[in-house]
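Below you'll find the structure, written out as structure tokens, and then a few comments.
The values are calculated or read from the model by the stated rules, or taken from the named source; none is laboratory data. Bear in mind the structure is a predicted one, so any value in this text is a computation, not a measurement. Cβ atoms come from the backbone with ideal geometry, glycine included; neighbour counts cover every protein chain shown.
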């Protein structure tokens, strides 16, 4: 199935993830439990890696939409309704 996000939806998702990442960094700095902190650090590292990949793709792509905005296509994304909310 193909899902396309509008530019506004993409922007809101990016801002939400950046905000979450910022909060995650703060949580890491205030967490005393080593095991819990280690899990948070892995999550942070994963998110930073995703942002790096998307940032690199957006700076090198030649794809544009009708308005000229940069388009990055995700080839695959695993999404599950089973993830705790």
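Pull up segment 43-70, narrow it to residues that are touching a strand residue (DSSP E or B) at 6+ places or on another chain (Cβ under 8 Å) and in contact (Cβ under 8 Å) with a residue 12 or more places away in the chain, then point me to the one that is surrounded by the most Cβ atoms within 10 Å (Cβ to Cβ).
The residue in question is 70.
Can you tell which of 21, 40 is over 30 Å from residue 64 (Cα atoms), surrounded by 10 or more Cβ atoms within 10 Å (Cβ to Cβ) and touching a helix residue (DSSP H, G or I) at 6+ places or on another chain (Cβ under 6 Å)?
That would be 40, the only listed residue that is over 30 Å from residue 64 (Cα atoms), surrounded by 10 or more Cβ atoms within 10 Å (Cβ to Cβ) and touching a helix residue (DSSP H, G or I) at 6+ places or on another chain (Cβ under 6 Å).
Restricting attention to segment 29-61, which residues are at pLDDT 85 or above and not in a helix (DSSP H, G or I)?
Across segment 29-61, the qualifying residues are 30, 31, 32, 33.
Among the residues that make up segment 71-79, is at least one of them part of a helix (DSSP H, G or I), without any contact (Cβ under 8 Å) to a residue 40 or more places away in the chain and in contact with a helix residue (DSSP H, G or I) (Cβ under 7 Å, 6 or more places away or on another chain)?
no
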